[in-house]
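Visitor: For reference, the structure I am asking about is given below.
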Amino acid sequence: MTEIRMFSAKSYDRVGFDAANADHGHDIVYLEPRLDCQTVGLAAGAEVICAFVNDDLSEPVIDALAAGGTSVIALRCAGFNNVDLDAARRHGMTVVRVPAYSPNAVAEHTLAMILALNRRIHRAYNRVRDGNFSLDGLVGFDLAGKTVGVVGTGKIGAIVARLLWHLRCRVLAVDMFEDEHLLGLGVDYVDLATALSDSDIVTLNCPLTDDTHHMIDADSIATMRRGVMLVNTGRGALVDTAAVIDGLKSGHIGSLALDVYEEESSLFFADRSEEIIDDDVFARLLTFPNVLITAHQAFLTDEALSAIATTTLANVAAVTSGEPCDNVVA
Ligand code: NAI
């Protein structure tokens, strides 16, 4: 039996992990705090820690984990941009992740955001409940016939592209690897500059890397169609938020949907409704009627949570017993 200390644990994590653990019998300790320099002491003595997207796995935290005896970091997410892999390697730590749990969950949320934002569902919902049945300001556009740029056509982006193609959009894909099925549908692979200049909607579905950091900045926004809808369900720092706010203020960006935000780690996954939000950039985003934000919930379906738990515990079982594991982050 392996002890696993799970950081940033929520009630929905517990449901999935307790069910999946029936096959393993690990001793899972659910810890509410986010992992960072202040909380890392909670991991002391545990061989395995389990972390999520906004846990801090920078060098000092990894140094402290190693000093406390941790040798396995089990990420219960796909992205690993929050992990200092060099530091982990230096300490001989194994990092495992869940490369695919439900690409449908994230792709469907991306589509939901596009549809809701376009048809102003977020505004209509509040208006109708308030007895305001005016339609002013709720004009959307037909998706059929519009051009959508999908940046990143891996597991998630390929589904996003397919869903939009089925809604009769023209899809421009950007990726160094072309998806045969998308090509068969008639999706055109183009370079990023073409996708940005020719699209009515741009959705970001690529990972955050040094190359993709702030791929949407003031310069790239200037090349986009006036009134473009920008959608980011990838990682917050794919977009330079200050530049996007300028784009919204000038009207160059017509609408914005975000499930991720570059400074989300100090905001998301907690009830802050009684607090004063001291992030002025985020607070400014909330003032725009044409901005729709969800708090990193694209992954949040029953199927995804179950798959995350099953794969994470299988990863832990494999690496702690010295068996091969395909989900080790190289
Ligand atoms: P994936 O690895 O299957 O696909 C990523 C694709 O992006 C690959 O085809 C890759 O070649 C492409 N890519 C890399 N750099 C690129 C660039 N500069 N330009 C264009 N394409 C580029 O990953 P998957 O599963 O599709 O996930 C994509 C991202 O979605 C993850 O890295 C993660 O950041 C994000 N994500 C967000 C979630 C949420 O809840 N909002 C949940 C899960 C993932």
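The values are calculated or read from the model by the stated rules, or taken from the named source; none is laboratory data. Just so we're clear, the structure is a prediction, and the values are computed from it rather than from any experiment. FYI the Cβ positions are ideal-geometry reconstructions off the backbone, even for glycines, and counts take in every protein chain you see.
Visitor: Would you pick out the residues in the range 218-237 that are in a loop (DSSP other than H, G, I, E, B), in contact with a strand residue (DSSP E or B) (Cβ under 6 Å, 6 or more places away or on another chain) and away from the ligand (no atom under 16 Å from the Cβ)? Please lay out each step first, then the result.
Guide: To start, the set of residues in the range 218-237 that are in a loop (DSSP other than H, G, I, E, B) comprises 224-227, 233-235.
Right, trim to in contact with a strand residue (DSSP E or B) (Cβ under 6 Å, 6 or more places away or on another chain) and you get 227, 234.
If the condition is that a residue be in a loop (DSSP other than H, G, I, E, B), in contact with a strand residue (DSSP E or B) (Cβ under 6 Å, 6 or more places away or on another chain) and away from the ligand (no atom under 16 Å from the Cβ), then 227 is the only one that fits.
Visitor: Could you grab the pairs with beta carbons closer than 6 Å, sequence gap of 6+ or different chains, first residue in the range 18-37 and aromatic (Phe, Trp, Tyr), second one surrounded by fewer than 17 Cβ atoms within 10 Å (Cβ to Cβ) and in a helix (DSSP H, G or I)?
Guide: 30/14
Visitor: Can I ask one more? Are any of the residues in the range 245-253 in contact with a Phe, Trp or Tyr (Cβ under 6 Å, 6 or more places away or on another chain), part of a helix (DSSP H, G or I) and farther than 30 Å from residue 24 by Cβ? It would help to see each step written out before you state the result.
Guide: So in the range 245-253, the residues in contact with a Phe, Trp or Tyr (Cβ under 6 Å, 6 or more places away or on another chain) come out as 248.
Retained after the next criterion (residues that are part of a helix (DSSP H, G or I)): 248.
With the extra rule that they be farther than 30 Å from residue 24 by Cβ, the set shrinks to 248.
Yes, the range 245-253 contains a residue that is in contact with a Phe, Trp or Tyr (Cβ under 6 Å, 6 or more places away or on another chain), part of a helix (DSSP H, G or I) and farther than 30 Å from residue 24 by Cβ.
Visitor: Out of (1) touching a residue at least 40 places away in the same chain (Cβ under 8 Å); (2) over 18 Å from the mean Cα position of the chain (by Cα); (3) outside the structural domain of residue 10 (by TED's automatic domain parsing), what's the single condition that is false for residue 235?
Guide: (2)
Visitor: Further, regarding this structure: Looking at the range 85-163, what helices (runs of 4 or more DSSP H) fall wholly within it and have at least 3 residues that are buried (at least 17 other Cβ atoms within 10 Å of the Cβ) and in contact (Cβ under 8 Å) with a residue 40 or more places away in the chain? Explain how you work it out, then say what you get.
Guide: Working: elements: 85-90, 103-118, 121-129.
Filter on the range 85-163 gives 103-118.
Visitor: Being among the charged types (D, E, K, R) and away from the ligand (no atom under 16 Å from the Cβ) is the requirement here; does residue 240 meet it? Don't jump to the end; show me each part of the working.
Guide: On the way: among the charged types (D, E, K, R): yes; away from the ligand (no atom under 16 Å from the Cβ): no.
Taking the combined requirement at face value, the residue does not satisfy it.
Visitor: Might you check whether a residue that is in contact with a Pro (Cβ under 7 Å, 6 or more places away or on another chain), in a loop (DSSP other than H, G, I, E, B) and β-branched (Val, Ile, Thr) occurs anywhere in the range 58-72? Break it down into steps so the answer makes sense when it comes.
Guide: Initially, the range 58-72 is screened for residues in contact with a Pro (Cβ under 7 Å, 6 or more places away or on another chain), giving none.
No, the conditions are met nowhere in the range 58-72.
Visitor: Which residues, taken from the range 272-284, are surrounded by fewer than 18 Cβ atoms within 10 Å (Cβ to Cβ) and in contact (Cβ under 8 Å) with a residue 12 or more places away in the chain? Write out each step before concluding.
Guide: Our first condition is that a residue be surrounded by fewer than 18 Cβ atoms within 10 Å (Cβ to Cβ); within the range 272-284, this holds for 272-281, 283-284.
Across the range 272-284, the qualifying residues are 279, 281, 284.
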